[in-house]
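**Student:** Pasting a structure below so you can have a look.
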Amino acid sequence: MKNVTLRIAIRQLVPLFGLLALSLPVCAAQIDDDEPAASFPNVDQKLKKLRNRIKALETEVGELQALNLPVDVEVNCASGSIGNVLATHANGLGLLTIRVTGTCNEQVIVTRSNVSLEGQGAALVQIPSGNYGISVTNGARNVAVSNFTIVGGTGAVAVNKGAHAVFTNIIAEQSNLGMVAADNGVLDITASTMRNNGFGAYATRSAVVHISNSIIEGNTTAGVIAIKGGHINLSSMLPDGTITTSPVIVRNNVNGGVARTGSVIELADARIENNTIGVLADSLSSLHMFNSLNGTGNFVTGNRSVGLLLQKNSAVAFTDADNTITGNGIGLLCQGNPSYIVSAVGPGNISGNTGGNIVGCTP
């Protein structure tokens, strides 16, 4: 009886084991399927972060593209200011062109590169007392300023701290220092007039002022001054490297030019006329009568005291003979142990000076 009962129980359990065996692969498959399903939320989060990052990068690229685009702005100084436009576009990288009309009573400071300030009609910058009219600084490059009259203040223009700017068709008047370069700045001046200032142009502390096709007149101390390692070049070479037949004219100033304390004035096709002293160099400074570039040479005439005056360990060097020094009180005067250096063909035509042609100078 017991055996019969056991056989019946076994027959009842066998189907149950079969069902259990059949169910095992299904359970394993379910476990395997559950594992990647459990990771979907993490994948979604990563995809969401990636999409957000792509959108951020798209925004950044768009902003960078916008910074590189050229921008044109018109300013009427009766209702706006150049300074506000510069501040709005301070981070721009593309060319910023500002066209200006009216009278601007402000100090304009350019600290970024790729800027063009263009005066329209009778555009005028009236400088607040004690300031410069237009300053270019902090290494700014590719800055062009054109067609302005700039009046009053400490100086009409200042280019400093390694910046470079080209000023074209500027009238700079009634300021103390005129147009100034300092501290490794490079200032190109062309087709301009510097008049009735204390100084017409001023270079100091390793800065360079290059002047072409311009008139410097009626300045009460000097037409141009290079001091403390400054360099002034009066040349027929324009800022773009082409040569003009129009000379730089330095006239009717007390001193036409002054080079002092280790500085240089260089002349190439310049006219120095009707000043009290034409050009003065002293205290380890030098005057360089450079090669003619357009064939006219340098012309020094009508200076009431001296055409070229060298004092206190200064030097003059004549690169070629394309120089005419005539009609002055004294043509060339050397005092205080200067150096007088001439080319193989001599200094040129030094004659017809009423108080002597070459006095105290020995090559």
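**Student:** Filter region 87-125 down to the residues that are aliphatic (A, V, I, L, M), under 15 Å from the mean Cα position of the chain (by Cα) and not in a strand (DSSP E or B) and list them by number.
**Tutor:** Listed by number, the residues that qualify are L93, L95.
**Student:** Which residues, taken from region 138-171, are hydroxyl-bearing (S, T, Y), under 24 Å from G198 (Cβ atoms) and outside any loop (DSSP other than H, G, I, E, B)?
**Tutor:** Matches in region 138-171: T149, T168.
**Student:** Looking at region 228-246, which of its residues are among the hydrophobic types (A, V, I, L, M, F, W, C) and either crowded, with 20+ Cβ neighbours inside 10 Å or in contact with a helix residue (DSSP H, G or I) (Cβ under 9 Å, 6 or more places away or on another chain) (or both)?
**Tutor:** Result: I232, L234.
**Student:** From the list R260, R271, which residue is free of Cβ contacts under 8 Å to residues at least 40 places away in the same chain and over 20 Å from I350 (Cα atoms)?
**Tutor:** R260
**Student:** Which of the following residues is surrounded by 21 or more Cβ atoms within 10 Å (Cβ to Cβ) and more than 25 Å from F299 (Cα to Cα): A158, A203?
**Tutor:** Going through A158, A203 in turn, just one is surrounded by 21 or more Cβ atoms within 10 Å (Cβ to Cβ) and more than 25 Å from F299 (Cα to Cα): A158.
**Student:** Can you tell me which of E217, E266 is in contact with a His (Cβ under 7 Å, 6 or more places away or on another chain), over 25 Å from N114 (Cβ atoms) and without any contact (Cβ under 8 Å) to a residue 40 or more places away in the chain?
**Tutor:** Unique residue meeting the criteria: E266.
**Student:** Is it true that some residue in region 126-133 is over 18 Å from the mean Cα position of the chain (by Cα) and assigned to a strand (DSSP E or B)?
**Tutor:** yes
**Student:** Out of region 65-77, which residues are at pLDDT 95 or above and either of a type in the set (A, V, I, L, M) or touching a helix residue (DSSP H, G or I) at 6+ places or on another chain (Cβ under 8 Å) (or both)?
**Tutor:** Listed by number, the residues that qualify are V71, V73, V75.
**Student:** Give me a count of the residues in region 282-310 that are in contact with a strand residue (DSSP E or B) (Cβ under 7 Å, 6 or more places away or on another chain), part of a loop (DSSP other than H, G, I, E, B) and more than 15 Å from I227 (Cα to Cα).
**Tutor:** Result for region 282-310: 9.
**Student:** Just to be sure before I move on: is V279 crowded, with 22+ Cβ neighbours inside 10 Å and of a type in the set (V, I, T) in the structure I sent?
**Tutor:** Here the answer is yes, as V279 does meet what is asked.
The values are calculated or read from the model by the stated rules, or taken from the named source; none is laboratory data. These numbers were taken from a predicted model, which means no experiment stands behind them. Because the Cβ atoms are built from the backbone with ideal geometry, glycine has one as well, and the counts that use them run over all protein chains shown.
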